[in-house]
Amino acid sequence: MKCDILIAGVGGQGTILASKLIAQAAMEEGAFVRTSETIGMAQRGGCVVSHVRIGAQDESSVIPLRSADLLLGFEPAEAARSMARLKEGGTAVVNTARVVPVTASLSGKAYETEEIFDYLKNSAQVWMIDATGIAEQCGSAKAANVVMLGAGIGTGALQCSLEGMEKLLAQRLPEKLFSINQKALHAGYGCVRGEKGEAE
Amino acid sequence: MELLMGNEAIALGAVRAGVNLVCGYPGTPSTEVLETVAKYNPGDIHVEWAANEKAAMEVGGGASFTGARVLVTMKQMGLNVAADPLMCLSYLGVKGGMVVLVADDPGPISSQTEQDTRHFAKFANLPVLDPSTPEEAYQMVQEAFEISEQWELPVILRPTTRICHASASIEAEMRKEKHEYPGFAKDPRWVIFPSLSLKKHGELEQKQKEIGKAFSHSTFNDIEGNGSLGIVASGAAYAYAREAVKELDANVTLVKIGTPYPFPEEFALDFIRELDKILVVEELDAVIERSLTDLLGKHKIKLDIYGKETGNLPAAGEYTHEIVLRAIAEFLGGAAGEGASSPPPALPVRPPVLCAGCPHRASFYAVKTAMKGIPAVFTGDIGCYTLGNAKPLDMVDTCLCMGAGVTVAQGLYHMEPDKKYFAFIGDSTFFHTGIPGVVNAAYNQAKITVVVLDNSTTAMTGQQPHPGTGRTMMGTESPKIDIEAMLRASGAGWVKTVDPFDFNAAVGAAKEAADFDGVSAIIYRAPCIALRKAQTIYKINAGCIGCKKCIREIGCPAISVTDGAVRVEPSLCYGCGLCTYVCPAGAIVEVRE
């Protein structure tokens, strides 16, 4: 099994935990995994990109341009920034909720998403979901990362089972948080598989 | 199998090898090595954050004299601070295995320079190992202890950011056994004198030749393939090269050099003789490239070497898969297929900023307010507070290296004594190299104000304890070193400790300090937000006149304009209240639940 997954977001969104969960799920299946992160100088609020390479024993830890099988964009602008790493015909799931950087307010430039959404929709097989909103409904906006994982599994591009991921969450999280995240995982999955989701 | 970060793998490798003492100073990307040893400490390893890298290297040296196994950790800039003991240790030698972990930072991603520690190893006449993956780093650190004991020299292990912070599936094994050490035996060999140095220098030169020979048989050097075109690579660049060769389906001889110094000449001569030309793929400086060129000259072999010096690969910056792929494709006489992804529209940028609630913001704003209209220069230092440079605060006029804010200000003062000088330095940096600067200012009568931004932690590298925190990496309590007393003892004639969020007092202190005739010092003390929970938060009420002064003056990431209205984002606000001092309408109020 070979699969390259890129997770792009903003510091504090739980991208690194998501990448660890994906890596762990693959390792439970016996795969060799490499991961790496690019993190800027800021402790919070900066761009964070996580690379997860499954079956990559003989490769580097960074996914080359136009190679990722799946892009999980936790924030629209960050998804657009990393789109160049998605391979032709690759799959993307993008959280439509913005994280407005302080500089946008300082410069007076608004952060408009219309053009960015158009770009994303034209770049890949993309699911646009309000992961933050869905997570809030499940009990905490902080579970948006797990909504994104559920959605990734739902697209079929993330080759791990919903049950497997649920088991990992149960191992890692205290009981109270687990029930929120369990809901979030299923909501993300359902969003792509069923009722609310739409493939663009 | 576990998913281990390179730094964790190095730490667990050292534990497995029976390390007895681990010391270092935090620095990205090296920090997690020491933290991981502390986390998995079986109880008999002494682990400490030293005041600085020089102290760490000397503590490590002393421990090694007893026969104990030692790991000293730092980033590449830290090795500059520790250069003095390292250079001398190579002459004096060690007894117990001493591994010096120095993490390099191609990019640079979080450093002032792109210096290459392999050069430093050569300068210090010491062996250096260069891992290409986290799993190789795990093996190398264990072998490094053996090499160190065999040659009685410190051995440098030099990973780069892409090794330190990358993770891989690794089977980490348990510690073999505790390394028993005989203890310190008095012997003239531990006292360096010119006559001993001369003798040792001769031995050192001989040892390097012998180590180079031994490295020719090292399993860390490797050859794959058998084409007449050779690619010689190292470190993270080796992984890029290997992937590119596979992608191009190229028939080449791919060589990995894991022991760049002393250069494994016999190993190199063997593969050189089979090749028509060579491309060297290595990050930072052209170290292997130069060694190969020297070797060809020495043996009068005619062969073309391509790399940085020929412009085939960039001289500066981090390599990527794409850079390496293009260079290899060109070297093979072709071109890399450039797929075209359409570029995204203009995207909002996210430069690093001080966190919402960060006490440094209040400190900078207080000094800025106090010095309004007065010619003043603000020298900065290394830490989160370097970000005070960003607009709208714009309060860092110089930044050089650890501790230099205090001393650069003195040079500026002596040339232009009519201005006011504020030297900002963090608490951990103050202990690291700030104190001699204060002594120097007092002794040489530079009228400057030292501003210690005391947030009670080493924040930028992820909240490590330091001598002022009263906690150690052994989990014990220690006496807190008193910064105020230290400043007074160092010659500061006026010292005051203020809470920067007590804004009017903070501004008053800055004015008083600037008027003092001599070295003055302010300690702005308030904890890093990573150490506390928000007690309250603020909101903007209907009294807002929309002047946006709060945004223009302090640049807090929690305050933004959304749909035309200024608002405080409740999930980001830390309740510091600095914005309430800025608002001319008094429209920013506490949210009372």
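Any read-out appearing in this document is the output of simple, stated calculations on the displayed coordinates, not a laboratory observation. If you're wondering where the values come from, they're calculated on a predicted model, not measured in any experiment. All Cβ positions, glycine included, derive from the backbone under ideal geometry; neighbour counts span all protein chains shown.
For the reader, a short list of remarks on this structure follows.
- Relative to the longest principal axis of the Cα atoms of chain B, the long axis of helix B:134-151 makes an angle of roughly 70 degrees.
- Taking every lysine pair in segment B:222-331 that is 8 or more places apart or spans two chains, those with Cα atoms closer than 23 Å amount to 13.
- Straight-line cross-link reach from B:Lys419 at under 17 Å between alpha-carbon atoms covers these aspartates and glutamates, not counting any fewer than eight positions away in the same chain: B:Asp397, B:Glu512, B:Asp515, B:Asp517.
- Only aspartates and glutamates eight or more places from B:Lys75 in sequence, or on another chain, were considered; those with a Cα closer than 13 Å are B:Glu32, B:Glu53, B:Asp104, B:Asp105, B:Glu114, B:Asp116.
- Label separation (B:Lys302 vs B:Thr219): 4.1 nm, computed from points 7 Å beyond Cα along the C-beta direction.
- In segment A:3-193, the C-alpha radius of gyration followed by the widest Cα-Cα span (Dmax) gives 15.7, 51 angstrom.
- Backbone geometry of segment B:444-460 corresponds, through the Karplus equation with coefficients 6.51, -1.76 and 1.60 at θ = phi - 60°, to 3J(HN,Hα) couplings of 9, 6, 8, 7, 10, 10, 8, 10, 8, 8, 9, 9, 6, 6, 9, 6, 4 Hz, x marking Gly and Pro.
- Under the Karplus curve 6.51 cos²θ - 1.76 cosθ + 1.60, θ = phi - 60°, whole-Hz ³J(HN,Hα) for segment B:259-265, x wherever Gly or Pro sits: 10, x, 9, x, 5, x, 5
- Over segment B:115-172, the hull volume per residue, using the convex hull of the C-alpha atoms, is 69 Å³.
- When the alpha-carbon atoms of the protein assembly as shown are used, the pair Rg, Dmax equals 27.8, 84 angstrom.
- Averaged over residues, the count of other Cβ atoms within 10 Å places the peptides B:95-108, B:198-211 in the sequence B:95-108, B:198-211, highest first.
- Coil-residue trypsin sites (Lys or Arg not before Pro) of segment B:241-284, DSSP, other Cβ within 10 Å capped at 12: B:Arg273
- Interchain or long-range residues, amide H under 5 Å from B:Val377's placed H: B:Lys420, B:Tyr421, B:Phe422
- On Cα atoms only, tilt of B:83-92 relative to the major axis of chain B in degrees: 30
- With viscosity 1.567 mPa s and temperature 4 °C, the Kirkwood radius over alpha carbon pairs of segment B:398-441 converts through Stokes-Einstein to a diffusion coefficient of 123 µm²/s.
- Database remark: amide H of B:Trp494 closer than 5 angstrom to the amide H of B:Ala521 (H placed geometrically; neighbours at sequence offset of 5 or more, or on other chains; Pro and chain starts carry no H).
- Counting neighbouring beta carbons within 10 Å and listing from fewest to most, the residues B:His217, A:His186, B:His432 come out as B:His217, A:His186, B:His432.
- 27 Å Cα-Cα threshold exceeded, pairs from A:Lys2/A:Lys167; B:Lys122/B:Lys199; A:Lys183/B:Lys539; A:Lys20/B:Lys39; A:Lys2/A:Lys176: A:Lys183/B:Lys539; A:Lys2/A:Lys176
- The amide H of B:Val280, built 1.01 Å from its N in the peptide plane, has B:Val232, B:Tyr306, B:Gly307 as neighbours under 5 Å, considering only residues 5 or more places off or on other chains.
- One chain, two ends: B:Ala83 and B:Thr476. Fully extended at 0.36 nm per residue, the span grows by 138.5 nm beyond their Cα-Cα distance.
- Isotropic mean projected area of the C-alpha convex hull, segment B:423-545 (nm²): 9.9
- Under DSSP loop assignment and at most 13 Cβ neighbours within 10 Å, longest trypsin sites (Lys or Arg not before Pro)-free interval of chain A: A:3-108
- Extent along principal axes [Cα atoms of chain B; Å; largest to smallest]: 80, 69, 51
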